[in-house]
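Here is the structure we will look at.
The values are calculated or read from the model by the stated rules, or taken from the named source; none is laboratory data. These figures come from a predicted structure and were not determined experimentally. Neighbour counts run over all protein chains shown; Cβ positions are idealised from the backbone, glycine included. Protein only, heavy atoms only, side chains kept; ligands, DNA and RNA dropped before computing areas. Shrake-Rupley method; radii C 1.70, N 1.55, O 1.52, S 1.80 Å.
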Amino acid sequence: MSEAEIKSLEAQFDAKIARDEKIEPKDWMPEKYRKTHIRQISQHAHSEIVGMLPEGNWITRAPSFRRKVALLAKVQDEAGHGLYLYSACETLGITREQMYEDLHSGKAKYSSIFNYPTMTWADMGAIGWLVDGAAIINQVPLCSTSFGPYARAMVRVCKEESFHQRQGYEIMLSLCNGTEEQKEMAQDALNRWWWPSLMMLGPTDAASTHTEQSMKWKLKRKTNDELRQQFIDQTVPQAELLGLTIPDADLKWNDGKGSYDFGEINWDEFWQVVKGHGPMNKKRLDDRRNAWENGAWVREAASAYAAKQKDRKKEIAKAV
Amino acid sequence: MKQPIKELNPKFLESTQNKEHLINYLLGVADNYLILGQRLGELCGHGPNLEPDIALTNISLDMLGQVRSFYQYIAQLRGDKSTEDDIAFLRKEREYKNVLLLEQPNTDFGYVIVRQFFFDVYNKMFLNALQQSADETLRALAFKGIKEASYHERFSGDWLKRLGDGTEESRSRVQEAVNDLWIYTDELFQTTTADDAMIEAGVAPDMSAFRDTYYEKVKELLTIATLDIPEVAYFQKGGKEGLHSEHMGFILTEMQYMQRAYPDSKW
């Protein structure tokens, strides 16, 4: 294809996105668009799958039937999200195996928040309330992103995420209405999860490399800092309702700008975890690699069996 | 229990002993679901691929859904303030009446599938028969559970075929699981005093009548899966009488941790 032809295709492509029309897998797309979407969607899928681990950690110890069943169902939802995000990503010409390989080798990233440990039951509440809360803020705009399969997957994901968030908040509410010990457990979880949740919305705009291009492709509608502000403004009153204190001495309402001022985020910690040196990075990846490697003989058996069945069917067809 | 349903005499439960027997019988049924659901819960997020991971979590959820209904019924029969959670989380090792098969660990995916299959074949026959119970609540619970049980049996049976007739490695692994778990199958058909009393009253199906059919079905599928049928001289039993393996204490330590560490708290 000549350069002029490519330019013309690109112009049509950009115009299509500007008209809010969806890009579908078989449509022509710039290579950078494809690569960016593979990176983002697979990263998103990996976050769902790795995200199963910190919560899965509490399934066997959940304190009541109601909570155990809800937690199991929630972690299962995350597996489901992973499944349709991987499928959406496969439409861009990458296999699920390749994506796993990239995760296991450390080439592909996943949300850093899952590199923190879930120490107490209250962490199940805090994750639902804060982590899913921040995820929703990140993800709602993606329901109208330009790549069709991703947008459609996100509509479903967001519906379930908002259910998870309410569920998490409800766990916190039960703790805060409980004994002194339970309230302390809730406060401790908030103290540990607050700052990492703020970091989930990504580096500050000044340090963010992808924003401009992502805006054009509707992978982003607001900047990281705007999203972070939105998260804080929405979460502070919820904490007040619980009777919990946000662990930020500088947090205070600013009448002038109609939102909260907040303290300095520890970006050193953020980069430390992103670069693979958080408290649980090694354990999370080890768990994923082990599940994959220990499951190799099972997957091989399934394909061998399927191949045999196919051969048998052929033989029967021949005989008839 | 082939005879048509005869309704339970309303005075039956006025006898303390009958009620005691019924509760113990129900615990024997329900604890199976609890312990298997708990074991499957350990696997969530660690499956060989996303699809079987999701399916096993589904089965775990079905097991827990089933057990809750049974415990709620027990709580109602007790007529005290006990709840499904007290019954699940506050008993001691010797008070659990699940069969030994279900407390066996998730050694690998082969063990998980074989354990599941050995139970699923039994469970489907059991729930089928329980639909003829003289007890209305149990009839309803059996009716509710049977569809799920059929699905579980298909799932574990299909996987057994894949693993048995898959690769050499998978065949040898799953054969080992079959050999190791076979000794726990006979206990499914053991009865306790409480079971016998409930069979007599028409509340419980007499599962010994299904023993042969059970082994026929299991052997048939093992054969299709190109697996050898183990021959053993001795079977293991004891779970139904509260005599468990060394695994049980650890299962309970984990499962009961919160209830023991924070007594009387609401969650």
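Quick check: is even one residue across segment A:7-24 surrounded by fewer than 21 Cβ atoms within 10 Å (Cβ to Cβ), among the basic types (Lys, Arg) and not in a helix (DSSP H, G or I)?
Filtering segment A:7-24 for residues surrounded by fewer than 21 Cβ atoms within 10 Å (Cβ to Cβ) gives A:7-22, A:24.
Now narrow it down to the ones that are among the basic types (Lys, Arg): A:7, A:16, A:19, A:22.
Next cut, not in a helix (DSSP H, G or I) only: A:19, A:22.
Yes, segment A:7-24 contains at least one residue that is surrounded by fewer than 21 Cβ atoms within 10 Å (Cβ to Cβ), among the basic types (Lys, Arg) and not in a helix (DSSP H, G or I).
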- Query: Of the residues in segment B:144-197, how many are of a type in the set (Phe, Trp, Tyr), open to solvent by less than 20 Å² (accessible area, probe 1.4 Å) and within 14 Å of chain A (Cβ to nearest Cβ)?
  - Reply: 0
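Yes/no matrix, rows are residues, columns are (1) within 11 Å of chain B (Cβ to nearest Cβ); (2) in contact with a Phe, Trp or Tyr (Cβ under 6 Å, 6 or more places away or on another chain); (3) of a type in the set (A, V, I, L, M); (4) part of a loop (DSSP other than H, G, I, E, B):
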residue: A:Thr60; (1), (2), (3), (4): yes, no, no, no
residue: A:Arg66; (1), (2), (3), (4): yes, no, no, no
residue: A:Val69; (1), (2), (3), (4): yes, no, yes, no
residue: A:Ala79; (1), (2), (3), (4): yes, no, yes, no
residue: A:Gly82; (1), (2), (3), (4): yes, no, no, no
residue: A:Ala88; (1), (2), (3), (4): no, yes, yes, no
residue: A:Met99; (1), (2), (3), (4): no, no, yes, no
residue: A:Lys109; (1), (2), (3), (4): no, no, no, yes
residue: A:Ile113; (1), (2), (3), (4): no, no, yes, no
- Note on the structure: Subset of segment B:211-226, residues crowded, with 18+ Cβ neighbours inside 10 Å and within 19 Å of B:Asn98 (Cα to Cα), comes to B:Tyr214
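Take residues that are closer than 30 Å to A:Lys22 by Cβ and not aliphatic (A, V, I, L, M) and tell me which of the helices (runs of 4 or more DSSP H) falling wholly in segment A:169-248 contain 2 or more. Even if it seems obvious, please write down each step before you answer.
Values: elements: A:180-200, A:211-216, A:224-242.
In segment A:169-248, A:211-216, A:224-242 are the helices (runs of 4 or more DSSP H) which contain 2 or more residues that are closer than 30 Å to A:Lys22 by Cβ and not aliphatic (A, V, I, L, M).
Kindly indicate whether any position in segment B:160-174 is outside any helix (DSSP H, G or I), under 18 Å from the mean Cα position of the chain (by Cα), at pLDDT 95 or above and of a type in the set (Val, Ile, Thr). Working first, answer last.
Taking segment B:160-174 and keeping what is outside any helix (DSSP H, G or I), we get B:165-167.
This time we only want the ones that are under 18 Å from the mean Cα position of the chain (by Cα), so: none.
Scanning segment B:160-174 turns up no residue that is outside any helix (DSSP H, G or I), under 18 Å from the mean Cα position of the chain (by Cα), at pLDDT 95 or above and of a type in the set (Val, Ile, Thr).
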- Item | Candidate set from segment B:42-67 (those that are facing chain A (nearest Cβ under 7 Å) and of a type in the set (Asp, Glu)); member that is least open to solvent (accessible area, probe 1.4 Å) | B:Asp53
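Collect the residues in segment B:68-90 that are outside any helix (DSSP H, G or I) and within 14 Å of chain A (Cβ to nearest Cβ), keeping them in residue-number order. Can you show your working first?
Of segment B:68-90, the ones outside any helix (DSSP H, G or I) are B:79-83, B:90.
Those that are outside any helix (DSSP H, G or I) and within 14 Å of chain A (Cβ to nearest Cβ): B:Ser82, B:Thr83, B:Leu90.
Would you check if A:Gly243 is open to solvent by 40 Å² or more (accessible area, probe 1.4 Å), on the phi > 0 side of the Ramachandran plot and touching a residue at least 12 places away in the same chain (Cβ under 8 Å)? Before you say what the answer is, go through the steps one by one.
Working: open to solvent by 40 Å² or more (accessible area, probe 1.4 Å): yes; on the phi > 0 side of the Ramachandran plot: yes; touching a residue at least 12 places away in the same chain (Cβ under 8 Å): yes.
So A:Gly243 fits the description; yes.
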- Of the candidates B:Leu26, B:Leu138, B:Leu127, the one satisfying the condition of being hydrophobic (A, V, I, L, M, F, W, C), surrounded by fewer than 24 Cβ atoms within 10 Å (Cβ to Cβ) and assigned to a helix (DSSP H, G or I) is B:Leu127
- Take the residues of segment A:115-166 that are open to solvent by less than 10 Å² (accessible area, probe 1.4 Å), away from chain B (no Cβ under 14 Å) and aromatic (Phe, Trp, Tyr): which is farthest from the chain's Cα centre (by Cα)? A:Phe147
- Task: Report yes if some residue within segment A:87-98 is more than 21 Å from A:Asn294 (Cβ to Cβ), in contact with a Lys or Arg (Cβ under 9 Å, 6 or more places away or on another chain) and surrounded by 23 or more Cβ atoms within 10 Å (Cβ to Cβ); otherwise report no.
- Result: yes
- May I ask you to list the residues in segment A:281-298 that are within 9 Å of chain B (Cβ to nearest Cβ), free of Cβ contacts under 8 Å to residues at least 12 places away in the same chain and open to solvent by 20 Å² or more (accessible area, probe 1.4 Å)? A:Asn290, A:Asn294, A:Ala296
- Out of A:Ile265, A:Ile232, A:Ile246, A:Ile316, sole residue that is more than 14 Å from chain B (Cβ to nearest Cβ) and modelled with pLDDT under 95: A:Ile316
